[in-house]
Amino acid sequence: MRRVVRDARLAKNEQAAWNLIERYLQQHQYLTTPEAVKLVGKSAATTRRYLNKYVALGWLAKQGGNRDRTYHLVK
């Protein structure tokens with residue numbers, strides 16, 4: 001089931017990126033930062049900022065170190 005995010009803590013572009021990431025992770029086990037950069041279409045720094053925000057909100061869990069980090073949906 002896809003949840004609709006309407007969160008005042010997200011800017012419009014962050015919300016759009018989240019929707020893409022969530023949809024991707026519903027079909028795949030994990031997402032890497034380079035995959036997220038391609039998916040979202042933003043710079044690596046911006047994408048990492050988005051991913052860190054989603055982790056802080058409790059929507060994503062991160063695993064691994066800097067070079068092999070993966071992100072997973074929190075159930």
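The values are calculated or read from the model by the stated rules, or taken from the named source; none is laboratory data. Just so it is clear, the model here is predicted, and its values are computed rather than measured. Ideal geometry is used to build each Cβ from the backbone, glycine not excepted, and the neighbour counts take in all protein chains shown. Please note that ligands, DNA and RNA were not included when accessible areas were found on the heavy atoms of the full protein model with its side chains. Shrake-Rupley method; radii C 1.70, N 1.55, O 1.52, S 1.80 Å.
If the condition is being surrounded by 11 or more Cβ atoms within 10 Å (Cβ to Cβ) and farther than 20 Å from R9 by Cα, then the stretch 41-50 contributes G41, A44.
You will find that of K62, K38, K75, K53, the residue that is touching a residue at least 24 places away in the same chain (Cβ under 8 Å), of a type in the set (K, R) and open to solvent by 60 Å² or more (accessible area, probe 1.4 Å) is K53 and no other.
Which of (1) surrounded by fewer than 11 Cβ atoms within 10 Å (Cβ to Cβ); (2) within 10 Å of the chain's Cα centre (by Cα) does D68 not meet, given it meets every other one? Going through the list (1) surrounded by fewer than 11 Cβ atoms within 10 Å (Cβ to Cβ); (2) within 10 Å of the chain's Cα centre (by Cα), D68 breaks only (2).
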